[in-house]
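Report on the following structure.
The values are calculated or read from the model by the stated rules, or taken from the named source; none is laboratory data. The model shown is predicted, which means the values in this text are computed figures rather than measured ones. For neighbour counting, all protein chains shown are included, and Cβ atoms are generated from backbone atoms with ideal geometry for every residue, glycine included. What goes into the accessible areas is simple: the full protein's heavy atoms, side chains included, and nothing from ligands, DNA or RNA. Shrake-Rupley method; radii C 1.70, N 1.55, O 1.52, S 1.80 Å.
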Amino acid sequence: MPPQVLEALAEPIIHHRTAAFRAVIAELAGQLRQVLGTSGTVISMAGSGTTAFESSQLCLAKPGSTVIAVAGGKFGERWQDIYDAYAAFLNLKVVKIDHPWGQPAPVDAIDRALQEHGESVSCVAVVHSETSTATASDVQAIAAITRNHPSALLLVDGITSVGAFACPMDDWGIDCLVTGSQKAMMLPPGLGYLGLGPRALQRLEAIDAPPPGYAMNLRKWVKAAAKDDSPFTPPVSLLRAQRVACAMMLEQGMTAVHQRTARLQAGTVAAFEAMGLKLASASPSPSVTGAYYPDGVDDGLRAQVRDRFDVHLAGGQDGRGAKWKGKVFRVSHMGYVDEAMTRAGLEAIATCMADAGYAGADAKSAVAAFDASVSAAAG
Ligand SMILES: *Cc1c(COP(=O)(O)O)cnc(C)c1O
């Protein structure tokens, strides 16, 4: 976390039902609109990314309708599970499109499902950057086909794309874009964010039955947001600190932030290629790179790089579509991370792999490949 953000977190608490705090909410909403690329309503919700996405699922689905949920990883599977959890209450037909882990969401299969189920479809839920598989999907294309079906809203899990690479909500025609505080947004865990466009806001107005939830009822949040307020006690410190983190990003410019993410990713891929590693994804996400462990190296690598070099690697995950625990590891390029940190991380990985007996890894050539890629990208 940036030191400026940590400092903001340490400030004394002010009361949240005050003009001073409403000014914080208003300022943050303005910044988040720029980060998400929307002129719509933006909500900061206590909880995590899952809380925010779940609220969009339960409040935007029309009772008695069909919802399409696309999964090729752990998080897409979670959104399917959440629709299942509410299906009886909301009388939903849940159409699940499953695609192989490490592959992008299949645009043509989504198109076919939209045509097959026609006007009964009220929502399509997709993951932009499937962090569990380090895979990016073509949300722009999915938004374009969804727009051919006026009844269908597009809900996008942008939890590791927003603030890391381009996901312009209004330009692409996304109805609801969700992210969370602890990924690219440079904050501790504890907040989820939702951008709601005009069609999503109309949907909230049009559904007259209360959703199966109270604190996650988006109508309460939208009503409060219109008055720069929060329906329930907000995490004051987090909201104030997010304002500081957003200011840092906006000062650099979102394009520059996206370019840094892309540079770190390209450099990491170059280093992994130099090490002879196989990437986990056929459509790598700019915000996270996953690779299979080479022969002779197991998941113990992560404890090695942590204990020897103080570098944290994410492991693989298990889901319905695949079991990747112990098979892959993942490196983040989002948020408060730079060339020096990434280079040090790659050096740690290569060193520990070499020490484990993997002949392909050599820290010097891995770092040289990273440096060459980064300086080529910097022009
Ligand atoms: C982390 C993550 C989530 C879950 O967010 P939480 O804040 O842990 O609830 C969902 N989707 C993606 C793509 C993620 O990376």
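Looking only at residues in region 151-163 that are in a strand (DSSP E or B) and within 11 Å of the ligand (Cβ to nearest atom), which one is surrounded by the most Cβ atoms within 10 Å (Cβ to Cβ)?
Ranking the qualifying residues of region 151-163, first place goes to Asp157.
Taking region 356-374 as the search range and keeping residues that are at pLDDT below 95 and open to solvent by 60 Å² or more (accessible area, probe 1.4 Å), which one is farthest from Arg260 (Cα to Cα)?
Once the filter is applied, the top-ranked residue is Gly357.
I'm trying to understand the selection: among the residues of region 341-355, which are open to solvent by 60 Å² or more (accessible area, probe 1.4 Å) and of a type outside the set (D, E, K, R)?
The answer is Met341, and nothing else.
Out of all the residues in region 187-211, which are more than 14 Å from the ligand (Cβ to nearest atom) and crowded, with 16+ Cβ neighbours inside 10 Å?
Passing the criteria: Gly195, Leu196, Gly197, Arg199, Ala200, Leu201, Arg203, Leu204, Ile207, Pro211.
Restricting attention to region 38-64, and to residues there that are hydroxyl-bearing (Ser, Thr, Tyr), in a loop (DSSP other than H, G, I, E, B) and open to solvent by 30 Å² or more (accessible area, probe 1.4 Å), which single residue is nearest to Met185 (Cα to Cα)?
Among residues in region 38-64 that are hydroxyl-bearing (Ser, Thr, Tyr), in a loop (DSSP other than H, G, I, E, B) and open to solvent by 30 Å² or more (accessible area, probe 1.4 Å), the one nearest to Met185 (Cα to Cα) is Ser48.
Out of the residues in region 110-150 meeting the condition of being in contact with a Lys or Arg (Cβ under 8 Å, 6 or more places away or on another chain) and of a type in the set (Gly, Ala, Ser), tell me which one is nearest to the ligand (Cβ to nearest atom).
The residue in question is Ser132.
Ala184 is checked against (1) crowded, with 22+ Cβ neighbours inside 10 Å; (2) more than 10 Å from the ligand (Cβ to nearest atom) and fails just one. What number does that condition carry?
Looking at each condition in turn, Ala184 falls short on (2).
Of the residues in region 58-76, how many are within 12 Å of the ligand (Cβ to nearest atom) and in contact with a helix residue (DSSP H, G or I) (Cβ under 8 Å, 6 or more places away or on another chain)?
Number satisfying all stated conditions: 1.
Conditions tested, residue by residue: (1) in a loop (DSSP other than H, G, I, E, B); (2) polar (S, T, N, Q); (3) touching a residue at least 60 places away in the same chain (Cβ under 8 Å).
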| position | (1), (2), (3) |
| --- | --- |
| Met249 | no, no, yes |
| Val257 | no, no, yes |
| Glu273 | no, no, yes |
| Ala291 | no, no, no |
| Pro294 | yes, no, yes |
| Val305 | no, no, no |
| Phe329 | no, no, no |
| Leu346 | no, no, yes |
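Which of (1) in contact with a strand residue (DSSP E or B) (Cβ under 7 Å, 6 or more places away or on another chain); (2) open to solvent by 10 Å² or more (accessible area, probe 1.4 Å); (3) not in a helix (DSSP H, G or I) does His117 not meet, given it meets every other one?
(3)
Filter region 189-217 down to residues that are in contact with a helix residue (DSSP H, G or I) (Cβ under 8 Å, 6 or more places away or on another chain) and within 22 Å of Gly163 (Cβ to Cβ), then give me how many there are.
9
Among the residues of region 1-19, are any within 16 Å of the ligand (Cβ to nearest atom), more than 22 Å from Val139 (Cα to Cα) and touching a residue at least 12 places away in the same chain (Cβ under 8 Å)?
Yes, some residue in region 1-19 is within 16 Å of the ligand (Cβ to nearest atom), more than 22 Å from Val139 (Cα to Cα) and touching a residue at least 12 places away in the same chain (Cβ under 8 Å).
Those residues that are farther than 15 Å from Val121 by Cβ, in a helix (DSSP H, G or I) and among the aliphatic types (A, V, I, L, M), I need them from region 67-95; list them, please.
Ile82, Ala85, Ala88
Assess whether Asp228 counts as being outside any helix (DSSP H, G or I) and either in contact (Cβ under 8 Å) with a residue 60 or more places away in the chain or open to solvent by less than 60 Å² (accessible area, probe 1.4 Å) (or both).
Yes.
Of all residues in region 287-340, how many are open to solvent by 40 Å² or more (accessible area, probe 1.4 Å) and of a type in the set (Phe, Trp, Tyr)?
3
Check Ile145, Ile174 and return the single one that is open to solvent by 10 Å² or more (accessible area, probe 1.4 Å) and either at pLDDT 95 or above or within 12 Å of the chain's Cα centre (by Cα) (or both). Explain how you work it out, then say what you get.
Details: Ile174 fails: open to solvent by 10 Å² or more (accessible area, probe 1.4 Å).
Ile145 is the lone residue from the list that is open to solvent by 10 Å² or more (accessible area, probe 1.4 Å) and either at pLDDT 95 or above or within 12 Å of the chain's Cα centre (by Cα) (or both).
Give me the pairs: first residue in region 204-218 and closer than 15 Å to Thr51 by Cβ, second residue polar (S, T, N, Q) and crowded, with 17+ Cβ neighbours inside 10 Å, beta-carbon distance under 8 Å, and six or more apart or on different chains, which are they?
Taking only residues 6 or more apart or on different chains, the pairs are Pro211/Asn217; Gly213/Ser55; Met216/Thr51; Met216/Ser55; Asn217/Ser55; Leu218/Ser55; Leu218/Ser56.
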